[in-house]
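Structure first, then comments.
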Amino acid sequence: MKKDLYSHIKKLPYLDTSISFFSAHKQHVPTGWETYQSSHTAFEILLILDGAQESVINQKKYLLEQGDILLIAPGVLHTNRCFSDQGMSYFTAHFDIDDPALRYIMIKNGRLIYPVDSVENAMLRPILEEWIKLYDKTTPYTLSDRLFILEVLTRLMTTFVKISEEAAENQYDVQSLSLARTIAETIQHNFNAFFLNENRSKEQLLMKNIYQDANVSMSYGLEVFKKIYGISPKEYLDRLKLKEARRLLKNPDISVESISEQIGYANITHFSRQFKKWTGLSPRAYRKKTQEQD
């Protein structure tokens with residue numbers, strides 16, 4: 001047997017993950033402004049720039065004032081409304097990460113609100129202000145700007161994880177993490193196989209078949225996946241569909257009908273309704289918007 005020439009060498013830990021930045025915006029809203037109740041498949045972070053906001057999260061009310069930071073985990077039902085007579089300004093962004101251990105740490109140990117006078121807020125706010133500075137840029141966004149968005153996101157998530165790791169309970173169940181990763185990888189494999197195969201079968205995308213391929217029961221698989229990822233396997237699949245739909249819609253030569261079929265919707269009306277639920281825009285309106293931005 002050959003001796004491993006590198007077995008005695010210390011190595012950096014292995015990491016196989018991807019991070020995603022979905023959207024960000026800043027706006028001033030009048031008193032009485034309110035969002036509809038919703039939950040996201042990704043993390044949402046919000047900074048109050050001036051005024052005050054009342055957030056109802058899992059049926060509990062929270063008041064955020066200027067400088068406060070709100071972090072909403074995936075799958076959490078919430079509404080926001082302006083709580084000040086002079087109106088309110090805020091900045092918000094949505095991001096996500098695939099690594100189950102990092103997600104679990106952020107969901108389990110991450111706080112909901114980081115008050116303006118807290119040490120954690122002082123760590124997070126300068127990072128968010130770099131996004132705001134880029135958002136306020138008046139010239140077209142460049143490739144380096146896009147990469148800078150990811151750079152800032154990496155620093156933001158690193159800071160969140162450092163904050164979370166300082167919490168008293170930062171241990172996680174290795175078996176649950178492994179099973180959740182297996183289910184996620186099975187969903188990705190089946191979706192890719194469906195998407196790339198012209199003779200595609202919707203059987204590949206049925207949750208019962210995904211659980212079967214992952215060798216886990218539906219009830220236990222759902223429980224473990226939601227514990228680690230904060231969303232259901234079905235919502236995770238929807239996230240993959242949305243990502244692919246966005247990519248395809250940037251190509252004007254591919255019809256909306258074809259995109260609908262490629263990501264698993266035989267009915268274009270159903271796809272359009274679902275896409276608008278995800279993004280707030282119809283597929284055609286999203287295509288027009290991205291073409292105007294390019």
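The figures follow:
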{"item": "Subset of the range 9-65 that is within 19 Å of the chain's Cα centre (by Cα) and of a type in the set (D, E) - its residue that is nearest to A93 (Cα to Cα)", "result": "E44"}
{"item": "Qualifying positions in the range 272-282 - crowded, with 19+ Cβ neighbours inside 10 Å and modelled with pLDDT of 90 or more", "result": "none"}
{"item": "Unique residue being under 26 Å from I231 (Cβ atoms), crowded, with 18+ Cβ neighbours inside 10 Å and touching a Ser or Thr at 6+ places or on another chain (Cβ under 7 Å) when the list is E34, E44", "result": "E44"}
{"item": "Selection status of G32, assigned by TED's automatic domain parsing to the domain that holds V116 and touching a Cys at 6+ places or on another chain (Cβ under 9 Å)", "result": "yes"}
{"item": "All positions within the range 180-212 that are crowded, with 20+ Cβ neighbours inside 10 Å and hydroxyl-bearing (S, T, Y)", "result": "T186, Y211"}
{"item": "Any hit, the range 189-205, residues being part of a loop (DSSP other than H, G, I, E, B) and modelled with pLDDT of 85 or more", "result": "no"}
{"item": "Criterion (part of a helix (DSSP H, G or I) and modelled with pLDDT of 95 or more) met by exactly one of I105, I127", "result": "I127"}
{"item": "Every residue from the range 82-115 that is buried (at least 21 other Cβ atoms within 10 Å of the Cβ), farther than 15 Å from E44 by Cα and in contact with a Pro (Cβ under 9 Å, 6 or more places away or on another chain)", "result": "C82, M88"}
{"item": "Top-ranked residue in the range 126-146 [being surrounded by 13 or more Cβ atoms within 10 Å (Cβ to Cβ) and of a type in the set (V, I, T); ranked as nearest to F91 (Cα to Cα)]", "result": "I132"}
{"item": "Residue in the range 176-222 that is farthest from D98 (Cα to Cα), counting only those that are of a type in the set (V, I, T) and under 24 Å from the mean Cα position of the chain (by Cα)", "result": "I210"}
{"item": "Yes/no for E130 being acidic (D, E) and in contact with a strand residue (DSSP E or B) (Cβ under 8 Å, 6 or more places away or on another chain)", "result": "no"}
{"item": "Residue in the range 132-153 that is nearest to the chain's Cα centre (by Cα), counting only those that are among the basic types (K, R) and either farther than 24 Å from I48 by Cβ or part of a helix (DSSP H, G or I) (or both)", "result": "R146"}
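Yes/no matrix, rows are residues, columns are (1) polar (S, T, N, Q); (2) at pLDDT 90 or above; (3) outside the structural domain of E151 (by TED's automatic domain parsing); (4) out of contact with any Lys or Arg (no Cβ under 7 Å at 6 or more places or on another chain):
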| position | (1), (2), (3), (4) |
| --- | --- |
| L5 | no, no, yes, yes |
| Q27 | yes, yes, no, yes |
| F43 | no, yes, no, yes |
| D50 | no, yes, no, yes |
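The values are calculated or read from the model by the stated rules, or taken from the named source; none is laboratory data. All figures in this text were calculated on a predicted structure; none of them were measured in a lab. Methodologically, a virtual Cβ is constructed for each residue, glycine included, from the backbone with ideal geometry; neighbour enumeration extends over all protein chains shown.
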